[in-house]
Amino acid sequence: MTSSSTSSSRFPRISTTGVPTRCWCGEGITTFGSSTAENRYRRFYRCEIERDRKSENHLFKWIDEALIDEIRKVDAKYEKVAQGLTKFEERVMENVNSAIALLEHEMSQKLQEMVNLEIARVENKMKQKLKIATVVMIVVGAMVGLCTSLIV
């Protein structure tokens, strides 16, 4: 089986990509099977009026070549979509990483504020207890001093 898209016509064919739907002249296309020895039973697309007007250059394309063209188109579209998806993933990850960094910074600041407030609260509580302990020590010292002076 040859991959040639030429026919016995003297005129060069107009190239089409993929599966054709119409001839350049506007007519529909039909599928036929080749009867030549070189391409026996090989299917092809042909303009519906090609049989009547052999001197004109109407659509002719092997079906297997048309399908290969379509597969290549799909592959190219798939590659573009895959590249677009990769770029989209990269942008999303950049946004996510930026959001995470911002949240980490905000949480770190809030945590530091909470720690500072807790330290201040504990510090005030310790000062109050120290004042009470100091007063108690003074009172106990005074009582011990009074008791000692009364006993002597």
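The values are calculated or read from the model by the stated rules, or taken from the named source; none is laboratory data. Only a predicted model underlies this, so the values are computations on that prediction, with no experimental measurement involved. Methodologically, a virtual Cβ is constructed for each residue, glycine included, from the backbone with ideal geometry; neighbour enumeration extends over all protein chains shown. Just so you know, the surface numbers come from the protein's heavy atoms only, side chains and all, with ligands and any DNA or RNA stripped out. Shrake-Rupley method; radii C 1.70, N 1.55, O 1.52, S 1.80 Å.
Would you kindly derive the ³J(HN,Hα) couplings of region 89-99 from the backbone phi angles with the Karplus curve 6.51 cos²θ - 1.76 cosθ + 1.60 (θ = phi - 60°), listing them in order in whole Hz, with x for Gly and Pro?
The phi angles translate into 4, 4, 5, 5, 5, 4, 5, 5, 5, 5, 5 Hz.
Leaving ligands, DNA and RNA out of it, report the carbon-plus-sulfur percent of the accessible area of region 14-152 at a 1.4 Å probe.
Percent of accessible area from carbon and sulfur atoms in region 14-152: 63.
Contact order normalised by length for the chain, with contacts defined as Cα pairs under 8 Å and 6 or more residues apart; what percent is it?
Numbers: 118 pairs, mean separation 26.2, N = 152.
About 17 percent, as a whole number.
Once phi is turned into ³J(HN,Hα) by the Karplus curve 6.51 cos²θ - 1.76 cosθ + 1.60 with θ = phi - 60°, what whole-Hz value does each residue of region 37-45 show in order, with x for glycine and proline?
Per residue, the Karplus-derived 3J(HN,Hα) values read 5, 5, 10, 3, 6, 6, 7, 8, 9 Hz.
If you find the alpha carbon centre of region 100-152 and of region 23-46, how far apart are they in angstrom?
Measuring centre to centre over Cα atoms gives 99 Å.
Hey, what do the phi angles of region 63-78 turn into as Karplus ³J(HN,Hα) couplings, whole Hz, using 6.51/-1.76/1.60 and θ = phi - 60°, x for Gly and Pro?
5, 4, 5, 4, 5, 5, 4, 4, 4, 5, 4, 5, 4, 5, 5, 4
Let me cross-check ILE119: its accessible surface, 1.4 Å probe, with only protein heavy atoms counted, in Å² to the nearest 10?
Answer for ILE119: close to 100 Å² accessible.
Using the heavy atoms of the protein chains and a 1.4 angstrom probe, tell me the accessible area per residue for the chain in square angstrom. Intermediate results must be reported in sequence, preceding the final value.
Numbers: 12230 Å² over 152 residues.
Roughly 80 Å² per residue, with all protein chains present.
Please give the solvent-accessible surface of THR148 in Å², to the nearest 10, using a probe radius of 1.4 Å with every protein chain present.
Answer for THR148: close to 70 Å² accessible.
Note down the nm distance, to one decimal, between modelled labels 7 Å out along Cα→Cβ at VAL140 and at LYS77.
9.0
For region 106-152, would you read off the P(r) tail past 17 Å as a percentage of all alpha carbon pairs?
58
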